[in-house]
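K.L.:
I have a structure here, written as structure tokens, and I will follow up with some questions on it.
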């Protein structure tokens, strides 16, 4: 599964130009769509490190929600 | 009685997943099947008529498109399909809306057996006649996008 951006002026697989989507496109078709100027592969962004949850964070949320 | 007749205005033609509707002037979805003669001997005095069976399907999408060599347009999409002998999907629907019983999507896996990127005379709009023979049969879908 990769992330693609629709770079041409035409919808690709129902996705509007300028939008990104994740899909498993068969390699031969992927190469075809990229060469034709319809798609580009969006490099996978590195996942952000999550901050460890602060002690008592859950409690505060509960209080806010109550 | 509900009248479902319509004038083609905002039909959708998608080739290899790419919406090329804005370059399609006309489109035809054709499904045919062989007429197989299954005639057998008849008893004397019985009129001899042809007995028929429906045989092999031979489906096709045909369309007239406006020639365009711009990046990301018709030629860039179609010529690789012809050159590389690829099998790809073609989808046609009458309205630019989700598939439904009253807006069926006709789709099939196709090949492009001939390609004439330039056709027309002086002063005419350059067009190309396209035929997409279907490998297998055209399917009708009435749900989904």
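K.L.:
Provide the FRET efficiency to the nearest 0.05 for the residue B:35-residue A:30 pair, computing r from the beta carbons and using R0 = 30 Å.
P.N.:
0.10
K.L.:
Per-residue Cβ counts within 10 Å, from other chains only, averaged over B:45-55: what number is that?
P.N.:
Across the residues of B:45-55, the mean count of other-chain Cβ atoms within 10 Å is 0.
K.L.:
Label-point separation (nm) for residue B:98 and residue B:70, each offset 7 Å from Cα along Cα-to-Cβ?
P.N.:
3.1 nm
K.L.:
What is the mean number of Cβ atoms from other protein chains located within 10 Å of the Cβ atom of each residue in peptide B:12-19, rounded to a whole number?
P.N.:
For this peptide, the per-residue mean of nearby foreign Cβ atoms is 6.
K.L.:
Just grab the label-to-label distance for residue B:6 and residue B:84, each label 7 Å out from Cα along the Cβ direction, in nm (one decimal).
P.N.:
With each label placed 7 Å out from Cα toward Cβ, I get 3.3 nm.
K.L.:
Separate question: Using only the alpha-carbon atoms, how far is helix B:74-83 inclined from the longest principal axis of chain B? Give it as 0 to 90 degrees, nearest 10.
P.N.:
50 degrees
K.L.:
A follow-up question, please. From Cα pairs below 8 angstrom and at least 6 apart in sequence, can you work out the relative contact order of chain B, rounded to a whole percent?
P.N.:
26 percent
K.L.:
Would you mind giving the mean number of other chain beta-carbons within 10 Å of the Cβ of each residue in A:29-40, as a whole number?
P.N.:
Mean inter-chain Cβ contacts per residue within 10 Å come to 5.
Only the coordinates and a few stated rules stand behind these numbers; no lab work does. Computed from a predicted structure; not experimentally measured. Ideal geometry is used to build each Cβ from the backbone, glycine not excepted, and the neighbour counts take in all protein chains shown.
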